[in-house]
Amino acid sequence: MRQSCPMFRVAARGLMAHALPILIAQLSSIGMMVVDTAVLGHVSSLDLAAVAIGGGIHVSVVFALVGILQAVTPVVAHLHGAGRDDEVAGVLQQGFWLALTLAVPGILLLTHPGAVLGLASMDAVVEVKVRQYLALLAWGLPAALCYRTFYAFCNALGKPRVLMGIGVISLGLHAVLAWGFALGGWLGESLGVAGCALSNVLIGWLACASAAAYLAFGPLGRRYQPFSGWQLPNWTAWRELLRIGVPMGLSNLVEITSFTLIALFVASLGATVVAGHRIVANLSALVYMLPLSLGIATMAAVGQAAGARDSRRARAAIRAGLILAGASSSAIGLLLWLLAEPLVAAYTDDLAVRSVALGLIGYVAIYQFFDALQTVAGHVLRAYRVTFVPMLVQTFCFWGVGLLGGSWLCYRWTTPLGVAGFWLAAVISLLLAAMLLLPLLHRVLKANESRL
């Protein structure tokens, strides 16, 4: 016990030092969506509804593909922990090849969204704007996936500061460009939602170019030489990445769509409801960045400890990650509840949209603790390369309970709750996910220790 407390403190300090730059980078990334929402909230409710629906589809596609590429993190972390750094560059190179390959179906999905849009009825003007938004964003997908491969590589090695720098600069530039293109008429007319999409594409390629420059000339590039001895696509390496990554990508898809597709399913309730939901979804995504950052940091720390076969260090990192995420997310949830009115007012001048958002924000505050626990547990399981069963758990919780249950509460319950039904179902689904993933994590940890 005397030894475990110092180890816990060391693990907690290490996680906080790693998670803070990740948090800033993640907030910068999600901040680009916030900028889009804030800018378009002052254009029209139709543009705001379009970015709510189109943004949900885009994020779902990107997060699913990025989830596959996140397999780079546990693989590189294990290699680094085991002292096999000479194999790290090869994994990164295969990750880049895989990213470019995955961009092809992603682009097709974004440029041909008819099947998804056909799931719900919506205003014809909104649908035109959604299609235009997605078609523009497709041009930035290869850059986004390559950058996220670089992102996974840096996190696996515990070097997230460059991600923070690129993220902050990207957010600042996007705020200027999105305003100029969407509202300011910099291209001859105010482009609305299309202007935000154009800014996203330009910033995505700039971030990708910055990552390439860092790998060529920065400290990680000098140490690992990722552009030297470039390898052609290797099926053996891909098979390992896909074995770990495909369930991760499906988990990402399930989790993100359990929130983003709500905008599509409630489109028939009108642009005002969709716009109010979009604001709350933005706030939810911002708050989620805190446990997500701690989850990513914990995954890297546990992956390195597992590679080094150090179970005591792994246990300390897991305990620290769960405690830090649970406590900090609960505090943020309380602040969100207390500051609901000014936060919502910052997004829109429309009083009807504000009313919808204020009616939903309490659900976000309630589920923070459970969301934090299931997020960290899921990422630790990824560190141990256990991804298939968590995918099944999350599919049942987030699609079965969250989306199907939410649809029933929204439209079919004795007293239909409207869009609030989806958010109530989200609370239940996150509670259930935490209850299922934490015991699974305990069993995996015990099984891993018994093999040492």
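Worth a mention:
- For segment 338-346, 3J(HN,Hα) computed residue by residue from phi via the Karplus equation (6.51, -1.76, 1.60; θ = phi - 60°) reads 6, 9, 4, 5, x, 5, 5, 4, 5 Hz, glycine and proline entered as x.
- With the simple spin-label model, which puts each label point 7 Å out from Cα in the Cβ direction, the Phe8 to Phe396 separation comes to 3.1 nm.
- The radius of gyration of the Cα set in the chain, together with its Dmax, comes out at 21.3, 68 angstrom.
- Cα lying deepest toward the dipole's positive end in the chain, options Leu253, Ala447, Trp205, charges on Cβ: Ala447
- Among Ala99, Met391, Val302 the positive-end extreme of the charge dipole of the chain (Cβ point charges): Val302
- Listed values for segment 20-36 are Karplus-derived 3J(HN,Hα) couplings in whole Hz (6.51 cos²θ - 1.76 cosθ + 1.60, θ = phi - 60°), namely 4, x, 5, 4, 5, 5, 5, 5, 5, 5, 5, x, 5, 5, 5, 4, 4, and x replaces Gly and Pro.
- The phi torsions of segment 218-232, fed into the Karplus equation with coefficients 6.51, -1.76 and 1.60 and a -60° offset, translate into couplings of x, x, 5, x, 5, 7, 9, 6, x, 9, 9, x, 4, 9, 6 Hz, rounded to whole numbers, with Gly and Pro shown as x.
- Potential lengthening of the chain between Ala17 and Glu449 amounts to 152.8 nm, from the contour at 0.36 nm per residue minus the alpha-carbon distance.
- Only one residue of Pro416, Val287, Tyr214 has its Cα farthest out toward the positive end of the dipole of the chain, where Lys and Arg carry +1 and Asp and Glu -1 on Cβ, and that residue is Tyr214.
- The mean sequence distance of close C-alpha pairs (under 8 Å, at least 6 residues apart), as a share of the length of segment 137-241, puts its relative contact order at 27 percent.
- Taking a ≥ b ≥ c as the square roots of the eigenvalues of the Cα gyration tensor, an a/c ratio of 1.5 or more together with a/b no larger than b/c marks segment 249-296 as oblate.
- Order by protection proxy (mean Cβ within 10 Å, highest first), peptides 10-18, 314-322, 80-88: 314-322, 10-18, 80-88
- Separation of segment 245-259 from segment 59-102 is 17 Å, based on Cα centroids.
- Counting only Cβ charges, +1 for Lys and Arg and -1 for Asp and Glu, the dipole size of the chain around its Cα centre is about 1780 debye.
- Average Cα contact separation per residue, the chain, under 8 Å, 6 or more apart, as relative contact order %: 23
- Subtracting the Cα-Cα distance of Ala115 and Leu173 from their residue separation scaled by 0.36 nm leaves 17.5 nm.
Quick note: the coordinates plus some simple rules give every number you see, no bench work behind them. Since this is a predicted model, take the numbers as computed values, not measurements. Reconstructed Cβ throughout: ideal geometry from the backbone, glycine too, with neighbour counts over all protein chains shown.
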